[in-house]
Amino acid sequence: MTGFSDTFRDELDQLMRWRRDVRHFRTDPVSEDLLADLFGTFALAPSVGLSEPWRLVRVTSAAARTAALSNFRTANSQALDGYSGDDAKTYATLKLSGMQEAPVHLAVFCDDSTTKGKGLGAGTMPEMRRYSCVSAIMQFWLAARAHGLGVGWVSILDPEMLCRDLDVPTDWALVAYLCIGYPTEDNITPELERKGWEARAAALPLETR
């Protein structure tokens, strides 16, 4: 295929605009068939040297979810202590995780020791493996949004503790802890912007050399 229609391009633009980070989820279950299709989008993602370094762990047990939630709460409390004044007041009002409500939890790791790809591109820039994981996550995220699902990326965590709690291999590094489910509301404006935490840049700062 050499091109796409104007309608497709307009819809793709809308999809990217509606790809909001979601923290408010309904507890409705998500179809296993749909989840299987969405997890399959990782196989379509680009990766350095075709290394496909992403490793997916679906967090389903009560014990594992409790450990992850406790991890978040501790890290969130510590993060709050790092702010003062109005920033601290605003931070305390932010809902920064949908872990309690989201029906699906997915931890994405990077296998830094993978031999797949024979080190192509990662010999000079080993961080490219993790960038590859992020690219795959974004592809998954857009596909989920296209099906009406929301995704929330929880980054307020102790990654080493989470790796231990989930008992993953020691050469896997946490890239993302994702909450997935149907959002309680749809809003094109990021919640952090609505709450006054930060504003989106009006234009991309582009430099030339």
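The values are calculated or read from the model by the stated rules, or taken from the named source; none is laboratory data. This one's a predicted model, so the numbers in the text were calculated from it and none came from an experiment. Here the Cβ positions follow ideal geometry from the backbone for every residue, glycine too, while neighbour counts run over all protein chains shown. Surface areas here come from the heavy atoms of the whole protein model, side chains and all, with no ligands, DNA or RNA. Shrake-Rupley method; radii C 1.70, N 1.55, O 1.52, S 1.80 Å.
Answer rounded, prolate or oblate for segment 31-129, using the Cα gyration tensor with square roots of eigenvalues a ≥ b ≥ c: rounded when a/c is under 1.5, else prolate when a/b is larger than b/c, else oblate.
Oblate.
Would you kindly derive the ³J(HN,Hα) couplings of segment 101-107 from the backbone phi angles with the Karplus curve 6.51 cos²θ - 1.76 cosθ + 1.60 (θ = phi - 60°), listing them in order in whole Hz, with x for Gly and Pro?
After applying 6.51 cos²θ - 1.76 cosθ + 1.60, I find 9, 4, x, 10, 10, 9, 9 Hz.
Counting only complete DSSP H runs, which helices of the chain cover 24 Å or more along their long axis at the Cα atoms and score a mean Kyte-Doolittle of -1.0 or above?
Span-like helices here: 62-81, 128-146.
What number comes out for accessible area per residue over segment 50-209 if the probe is 1.4 Å? Units Å², please.
56
Could you give the length gained by full extension between Phe4 and Leu56, i.e. 0.36 nm per residue of separation minus their alpha carbon distance, to one decimal place?
Residue separation times 0.36 nm, minus the Cα-Cα distance, leaves 15.6 nm.
Using a 1.4 Å probe on the protein chains only, how many percent of the accessible area of the chain belongs to carbon and sulfur?
Accessible surface attributable to carbon and sulfur in the chain totals 54 percent.
By the gyration tensor of its Cα atoms, with a ≥ b ≥ c the square roots of the eigenvalues, what is the shape of segment 12-71: rounded for a/c under 1.5, prolate for a/b over b/c, or oblate?
Cα axes put segment 12-71 in the oblate bin.
Efficiency by 1/(1 + (r/R0)^6): what FRET value for Thr27 and Thr170, r their Cβ-Cβ distance, R0 = 25 Å, to the nearest 0.05?
Efficiency, rounded to the nearest 0.05: 0.15.
If we count GluC sites (Glu not before Pro) as exposed when they sit in a DSSP loop and have at most 12 other beta carbons within 10 Å, what is the longest stretch of the chain that avoids them all?
Longest gap between qualifying sites, sites excluded: 1-126.
Rounded, prolate or oblate: which fits segment 85-165 when a ≥ b ≥ c are the square roots of the eigenvalues of the alpha-carbon gyration tensor, with rounded for a/c under 1.5 and prolate only if a/b beats b/c?
prolate
Please work out which option in [x] 15.1; [y] 10.7; [z] 12.3 gives mean projected area of the Cα convex hull in nm² calculated from these coordinates, and answer with its label.
Derived directly from the coordinates: [x].
Which chymotrypsin sites (Phe, Trp or Tyr not before Pro) does segment 81-122 hold that lie in a coil by DSSP with at most 14 other beta carbons within 10 Å?
The qualifying sites are Tyr83.
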